[in-house]
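J.: Structure in structure tokens, see below.
The values are calculated or read from the model by the stated rules, or taken from the named source; none is laboratory data. A quick note: this is a predicted structure, and the numbers were derived from the prediction, not measured. With ideal geometry, Cβ positions are generated from the backbone for all residues, glycine too; neighbour counts draw on all protein chains shown. Note: areas computed on protein heavy atoms with side chains; ligands, DNA, RNA excluded. Shrake-Rupley method; radii C 1.70, N 1.55, O 1.52, S 1.80 Å.
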Amino acid sequence: MKIPVKTSSTGPAGRMLAIASGKGGVGKTALASALAGAFSLKGEQTLLIDGDLGMANIDVQLGLQPDADLAAVLAGEVLLEDAVQRVMGGAIRAGGFDVISGRSGSGALADLKVEAVGRLAAGIAALSLYYDRAILDLAAGADHSTLRLAMAADDVIIVINDEPTSLTDAYAFVKTLRRRDDSAAPLVVVNNAPSKEAALSAYGAFRKTCESFLGFTPQLAGTIAHDMAIPDAIRAQMPLVQRHPNCEAFRDVEKLVGHLAQGREAA
């Protein structure tokens, strides 16, 4: 696989975002995929990595049939860069990005030893240097593998929605991450929001909890509207940038990317 040469001048090389959630079902993987497409539209060479070592599913959501995946990499069968696969955007708009898939739905990588996860994190960080943006889709929760991979990233986005369990579990993730690294400052994205008011209410509750018990104020990076275009794209096994590039949710993702790009330039 020929690694792309950086072409963007929007910031330092290897800017890696880890996408996390306290619980499953909040749309974390769909958001990670949409972010990859949106960053690509901005002209950034983008790599999306399925870092859910227990129940990977990016390949299923995007309709991919990878020749190699993270399981093969960790087994020593291929190099990490050999597991990279290209996902093309639509014919009208650009938006293609690269993907490294996990071993879909097998749970085979869930019990990796600390040393193996550390090697994987180092390999991902090294490969990300060849891209403008790397997006690491983590498993839900806060097990040791998830936290180790999160700590390899430059920034962590914690995805929440307005359900109480989402807020509680997201708080547990942030608390555990900050115990390991007290400088960690995850950004918040409220996903699948029924309204702007509901999104801001969910963020406000989460912020208040973090401030009260952690002495930490998480920054709201963006809100993504509830949009039936997202499950439609998943059923079609296509990137949102290709299936519904003009839908409300993708417009929200593009606003989020603009916010993240500004922060990157200021960093």
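J.: hydroxyl-bearing (Ser, Thr, Tyr), in contact with a helix residue (DSSP H, G or I) (Cβ under 6 Å, 6 or more places away or on another chain) and open to solvent by less than 30 Å² (accessible area, probe 1.4 Å), is that true of residue 209?
T.: Taking the combined requirement at face value, the residue does not satisfy it.
J.: When segment 17-64 is examined, which residues are found to be part of a strand (DSSP E or B) and aliphatic (A, V, I, L, M)?
T.: Across segment 17-64, the qualifying residues are 17, 18, 19, 20, 47, 48, 49, 56.
J.: Pairs, please: C-beta under 6 Å, at least 6 apart or cross-chain, first residue of a type in the set (Gly, Ala, Ser) and in segment 28-50, second in a helix (DSSP H, G or I)?
T.: Pairs that qualify, where the first residue is of a type in the set (Gly, Ala, Ser) and the partner is in a helix (DSSP H, G or I), are 30/230; 34/240; 34/253; 37/241; 38/253; 38/254; 38/257.
J.: While we're on this one: Within segment 137-165, can you find the residues that are surrounded by fewer than 18 Cβ atoms within 10 Å (Cβ to Cβ) and either assigned to a strand (DSSP E or B) or of a type in the set (A, V, I, L, M, F, W, C) (or both)?
T.: 151
J.: Now a separate question. Out of (1) open to solvent by less than 70 Å² (accessible area, probe 1.4 Å); (2) over 14 Å from residue 31 (Cβ atoms); (3) small (Gly, Ala, Ser); (4) at pLDDT 95 or above, the odd one out for residue 263 is which?
T.: (4)
J.: Does residue 202 count as of a type in the set (A, V, I, L, M), assigned to a helix (DSSP H, G or I), at pLDDT 95 or above and open to solvent by 40 Å² or more (accessible area, probe 1.4 Å)?
T.: no
J.: Check whether at least one residue in segment 216-229 is among the charged types (D, E, K, R), at pLDDT 95 or above and open to solvent by 60 Å² or more (accessible area, probe 1.4 Å), and report yes or no.
T.: no
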